[in-house]
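Colleague: Sending over a structure as C-alpha cells; questions will come in a sec.
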Amino acid sequence: MNLLSVINLKKTYGVKTLFEKINFSIEDSDKIGVIGVNGTGKSSLLRIVAGQDTPDAGEVRVYGSKRIEYLAQTPELDPNITVLAQVFRADTPEMNTLRDYEHTLDLLMRYPEDEKLQRHLLALTDTIDAGGLWNLKSQVETILTQLGIRDFDKTIGTLSGGQRKRVAMASVLLTPCDLLILDEPTNHLDNETITWLEKYLENRKGALLMVTHDRYFLDRVVNKTIELDGGALYEYTGNYSEFVEKKAARRAFESVMEQKRQNLYRRELAWIRRGARARTTKQKARIQRFEDIKNSASDLSEDILEINVGFTRLGKKVVDLDHVSKSFKNQCVVKDFIYILGPDERIGIIGKNGRGKSTLLNLIAGKIRPDNGAIVIGDTVKIGYFSQESEDMDLNLRAIEYIREGAETVENARGEVITAAQMMELFLFDRYAQWVRISELSGGERRRLYLLRILMSAPNVLLLDEPTNDLDIDTLKILENYLDDFQGSVLTVSHDRYFLDRVCDTIFSFTGGGEILVQTGNFTDYMQKHAGRDQDAATNKPSEQKSEKPRQKAVKLSYREQQEYDRIDADMAQMEARLEAIDTEMAGIATDYTRLQALTEEKDALEDTLLEKMERKEYLEDIVRQSKKNQI
C-alpha cells in the first residue's frame with residue numbers, strides 16, 4: 001500500500017539548488033536508505049517528508065491518516081523533564097495513560113498521604129491492567145536499557161549529547177507509526193547497540209526512511225536505496241550491495257552515452273569551424289543542436305577518488321606506551337597499558353561508550369597527561385588528530401581560505417605539487433563550493449573540510465576519533481583509499497564495522513576497568529574469536545555512562561520499581577497463560593491459515609515481551625539482593 005508520494009520536489013539553500021524535480025513513493029513495506037555526498041540535501045529531504053520543513057516547489061502527498069515519526073540528527077528535547085517523561089511524550093492514548101501514571105507516582109513520592117492521588121493511581125492501575133499496558137511500560141524500560149540509558153529518572157539536561165540522541169531514539173521507536181524517519185541513527189552508538197538496533201529495525205513492521213553512512217547497517221536493514229546526486233534522485237531496489245552493483249551498471253551505460261555525445265560533438269564542432277552561416281532554418285537548427293550538445297556535457301565522476309598526497313618521513317620509533325594509566329573521578333579508563341606502535345600499523349579501537357577510547361587518543365596526542373607511566377613519541381613523528389569535535393572555524397572564511405591557512409600546496413607521493421584548490425576538488429568540493437563561506441556549509445561538509453585540512457598538513461601518524469560520524473559514504477571511500485596508500489601509522493576509534501574491517505589490521509578492545517585487549521586482525525576477526533565469551537562485543541547488556549553510577553549500586557528499589565516488582569510475577573503469569581491459550585487454539589485450526597498467521601505473530605511478539613519481562617525481573621531482583629546485603 002502506498003503511504004505517500006514525493007512529487008516534483010525542489011529545495012534550495014541560499015543560491016545552491018540541493019535537488020529539483022525529484023519523485024518517489026514510499027510503500028508500507030519499504031525500508032529505504034538515503035545516500036549521497038554531504039550537502040546534497042539528504043537531511044533536508046527527510047525534514048520535508050516528515051513535515052518539519054517546506055519545499056520550494058513540489059509537494060509530499062500523504063494518503064489517508066498516516067502517522068509519521070521523525071528522529072533528527074540533533075534532537076531538541078526539554079532539558080527539564082526526566083528520561084521517562086520524554087519517552088512518554090508521544091500523543092497516543094496509551095502513552096497519555098502511562099505519562100499520567102508516571103506523573104502521579106512522582107506526586108505520591110512527595111505527598112504519600114494524599115488520598116485523592118492514591119485513588120487516581122488506583123484508577124490508572126486498573127486502566128493499565130485492562131489495556132495490557134504494563135507490557136508497553138516494560139518495553140519502554142527495556143529499549144532504554146538496550147540503548148545504554150539506565151537511570152530513567154535523570155533529567156534530560158544532565159545527559160550528554162549522545163545520551164539525548166538515544167533517549168529521542170527510544171521515544172520514536174516506541175511510538176506506533178506508519179513511517180519511521182531516522183537521520184543518522186547510528187551516530188554516538190557503540191557496536192553492540194548498533195547490532196541491537198539493526199535487528200530491531202529488521203523485525204519492525206512498517207515503512208522506514210533513513211540516512212546513514214553505515215554500510216553494513218544499510219546492507220542488513222534496507223530493501224530500497226535512494227541516491228541524491230547532482231540535484232537528481234536515483235532509485236534502486238535492494239540493499240547497499242545491490243545498489244553498488246546497479247550504480248556501476250548505470251555509470252557504465254552513462255559512460256557509453258557520454259562517448260557517443262563526445263563523438264557527435266566533435267563532428268558538429270568541425271562543421272561549425274568550417275564557417276557555417278546561420279542563414280537557413282536547417283543551418284540554424286544544426287547550430288542550436290551543437291549548443292545543446294555542448295551544454296549537455298556530462299559531469300560524470302569516479303565513484304572513488306584518489307588522494308595520494310605526500311607525508312612526512314617516519315622513523316622506526318613511533319609511539320611507545322609504557323605502563324600507562326589514566327583515571328577520572330576514581331574510574332580507571334586505562335590501566336597499566338603497554339604497547340609499542342610501529343610504522344604502518346592500522347589499529348581500530350572499540351568498546352562501550354565511556355570506557356576511555358577517546359582518552360587514549362588524547363593521551364597520545366598530548367592533550368592530557370597519564371597518571372602513571374610514560375608515553376614516548378618518536379623524533380620524526382608528525383601527528384594529525386581528527387577529533388570528534390571539529391576545531392573552532394571562522395565561519396566568515398571561505399572554504400578555500402580555511403584550507404590555505406593550513407597549507408597552500410602539498411606534494412603527492414610522486415613529488416608533484418598539488419594546490420589547495422586541486423585537493424579540494426579531489427575531496428568533492430567543486431569550484432563553486434570552494435568559495436562558499438563556511439557558515440553556508442552543512443555539518444557534514446564542515447567535517448570533510450576539517451579532515452582535508454588535517455591531511456594537507458602531511459602527517460605520518462593519524463589519530464581518528466569517530467571519523468565516520470557525519471561523513472557521507474563517498475567521503476569515507478576517499479578516506480579509505482587515502483589510508484590504503486598512507487605510509488604511516490593509524491589509530492582510529494570507530495563504531496563503523498565496515499570501516500574497521502576495511503582499514504584495520506589490529507584491534508584494541510576496551511573491555512572495562514581500564515583493561516585493553518589487543519588482537520591481530522580486523523573487526524570481523526575479533527568478533528569471530530570472541531563471540532559468546534567477550535561481554536563487550538557479544539552481549540546485549542547496556543553500556544555504563546561516564547556521568548552515571550552503575551545501577552546495581554542502588555541500595556533499594558525506587559517507589560515505581562517496587563510497584564513494578566510487586567506485580568511482575570502476575571504479569572508474567574498472564575503472558576504465559578495467553579501463550580498456552582494460543583498454542584491450544586493453533587492446534588485446533590490447522591487449515592485456517594489466516595488465523596494461524598495472526599496467532600503466530602501474536603505469539604512471537606508475546607514471547608519477546610515475556611523474555612524482556614524476565615530480564616527486567618532479574619535486574620530488579622539484583623537490586624533487592626544488594627539491598628539486603630547492605631542491611632546485614
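Colleague: Residues Thr155, Thr92, Thr142, Thr97: which one is out of contact with any Phe, Trp or Tyr (no Cβ under 8 Å at 6 or more places or on another chain), at pLDDT 90 or above, more than 30 Å from Leu471 (Cβ to Cβ) and not assigned by the TED database to the domain that holds Leu610?
Modeller: Thr155
Colleague: Could I ask something else about it? Can you name the residue in region 428-448 that is surrounded by fewer than 17 Cβ atoms within 10 Å (Cβ to Cβ) and among the charged types (D, E, K, R) and, of all such residues, is nearest to Tyr498 (Cα to Cα)?
Modeller: Out of the qualifying residues, it is Asp430.
Colleague: While we're looking at this one, here's another question. Quick check on this structure: which one of Gly51, Gly39, Gly58 is in contact (Cβ under 8 Å) with a residue 40 or more places away in the chain, surrounded by fewer than 19 Cβ atoms within 10 Å (Cβ to Cβ) and on the phi > 0 side of the Ramachandran plot?
Modeller: Numbers: Gly51 fails: in contact (Cβ under 8 Å) with a residue 40 or more places away in the chain; Gly39 fails: surrounded by fewer than 19 Cβ atoms within 10 Å (Cβ to Cβ).
Within the list Gly51, Gly39, Gly58, the selection yields Gly58.
Colleague: Every residue in region 383-405 that is surrounded by 15 or more Cβ atoms within 10 Å (Cβ to Cβ) and either touching a residue at least 60 places away in the same chain (Cβ under 8 Å) or within 19 Å of Thr468 (Cβ to Cβ) (or both), please. Break it down stepwise before answering.
Modeller: Within region 383-405, the subset surrounded by 15 or more Cβ atoms within 10 Å (Cβ to Cβ) is 383-388, 390, 393, 397-404.
Matches in region 383-405: Ile383, Gly384, Tyr385, Phe386, Ser387, Gln388, Ser390.
Colleague: Go through (1) of a type in the set (Gly, Ala, Ser); (2) assigned to a loop (DSSP other than H, G, I, E, B); (3) under 25 Å from Lys357 (Cα atoms) one by one and return the number of the condition Gly444 breaks.
Modeller: All conditions are met except number (2).
Colleague: Of the conditions (1) in a strand (DSSP E or B); (2) touching a residue at least 40 places away in the same chain (Cβ under 8 Å), Ile338 satisfies every one except a single condition; which number is it?
Modeller: Against the list (1) in a strand (DSSP E or B); (2) touching a residue at least 40 places away in the same chain (Cβ under 8 Å), Ile338 comes up short only on (2).
Colleague: Residues being farther than 30 Å from Arg437 by Cα and either not in a loop (DSSP other than H, G, I, E, B) or not small (Gly, Ala, Ser) (or both): count how many of those fall in region 368-419.
Modeller: 14
Colleague: Being surrounded by 13 or more Cβ atoms within 10 Å (Cβ to Cβ) and in contact with a helix residue (DSSP H, G or I) (Cβ under 8 Å, 6 or more places away or on another chain) is the filter here, so list the residues in region 406-417 that pass it.
Modeller: Across region 406-417, the qualifying residues are Gly406, Ala407, Thr409, Val410.
Colleague: Something else about it: How many of the residues making up region 62-110 are assigned to a helix (DSSP H, G or I) and hydroxyl-bearing (Ser, Thr, Tyr)?
Modeller: Total meeting the criteria: 3.
Colleague: If you go through region 525-542 one residue at a time, do you hit one that is touching a Gly at 6+ places or on another chain (Cβ under 8 Å) and either within 19 Å of Lys613 (Cβ to Cβ) or at pLDDT 85 or above (or both)?
Modeller: Yes; the residues of region 525-542 include at least one that is touching a Gly at 6+ places or on another chain (Cβ under 8 Å) and either within 19 Å of Lys613 (Cβ to Cβ) or at pLDDT 85 or above (or both).
Colleague: Next question, about the same structure. Could you look through region 179-224, keep only residues that are acidic (Asp, Glu) and not in a helix (DSSP H, G or I), and pick out the one that is modelled with the highest pLDDT?
Modeller: By that ranking, first place goes to Asp183.
Colleague: Is it true that Glu192 is buried (at least 20 other Cβ atoms within 10 Å of the Cβ), touching a helix residue (DSSP H, G or I) at 6+ places or on another chain (Cβ under 9 Å) and over 24 Å from Leu3 (Cα atoms)?
Modeller: Here the answer is yes, as Glu192 does meet what is asked.
Colleague: Name every residue in region 465-506 that is touching a residue at least 40 places away in the same chain (Cβ under 8 Å), in contact with a Phe, Trp or Tyr (Cβ under 6 Å, 6 or more places away or on another chain) and either surrounded by fewer than 20 Cβ atoms within 10 Å (Cβ to Cβ) or of a type in the set (A, V, I, L, M) (or both), in order of residue number.
Modeller: Gln487, Leu500
Colleague: State whether one or more residues within region 449-464 are surrounded by fewer than 19 Cβ atoms within 10 Å (Cβ to Cβ), modelled with pLDDT of 85 or more and part of a strand (DSSP E or B).
Modeller: Checked region 449-464: no residue is surrounded by fewer than 19 Cβ atoms within 10 Å (Cβ to Cβ), modelled with pLDDT of 85 or more and part of a strand (DSSP E or B).
The values are calculated or read from the model by the stated rules, or taken from the named source; none is laboratory data. No experiment lies behind these values; they were computed from the predicted model shown. Neighbour counts are summed over all protein chains in view; Cβ atoms, including those assigned to glycine, are modelled from backbone coordinates with ideal geometry.
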